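Participant: The structure that follows is given in the form of structure tokens.
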Amino acid sequence: MEPNSTADLEKAYKARVIIGAAMIGVLLIYTGIVEFIRAQNSPAEVFTPAPGPDVLALLRYVFLGIAAVEFLVIQFLRKVMLSADSPARQALPSGSFVPETQKLITVSVVTFALCESVAVYGLVLFLIGKNASDFYLFLLISVFYFAIFFPRYGAWEEWVQEREKAARRG
């Protein structure tokens, strides 16, 4: 990287923290939506599933399966997108950061979106079946994914150093 790479990396990391915090904040908005809908309905309306318990149970298991697969997909995509010979490098949008730093930001945003999608599954289940526990289960899984996959600055520095070493050798 260039001489100012540490400052560039720190600036990018701060931008990523803001993006991540905003996406986590959306989880609070989803929670507000669920609680608002619950407050607007009587208990009988809230806990009476519209499509039937069998359909909801099947959908719940399908969404749990998708969420479990997403855990593996996140790991795979991060590895592929950050690999040295990744074709995604040429497809990165031009920005104010050097390509390596932009790649880190892009991977983070993709990871955040996948983490957040798990909470969306719970929101969909709640809107269909009106069972808040479905939403909260998927919300917890989503928060867990954010906690695991939220990139750390030290990991970014390590990745950049490895890239610099590989560039010097090759």
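Read-outs throughout are calculated quantities, based only on the coordinates presented, and are distinct from any laboratory measurement. All of these numbers come straight from a predicted model, not from anything done at the bench.
Participant: Just tell me which lysines come within less than 20 Å, Cα to Cα, of Lys14; anything on the same chain fewer than 8 places away is out.
Facilitator: Partners found: Lys103.
Participant: Sticking with this structure for a sec: Taking 0.36 nm per residue of separation and subtracting the Cα-Cα distance, what length does fully extending Val80 through Asn41 add?
Facilitator: That pair, Val80 and Asn41, stretches by 9.4 nm at full extension.
Participant: Taking 0.36 nm per residue of separation and subtracting the Cα-Cα distance, what length does fully extending Asp54 through Val109 add?
Facilitator: My answer for the length gained is 16.2 nm.
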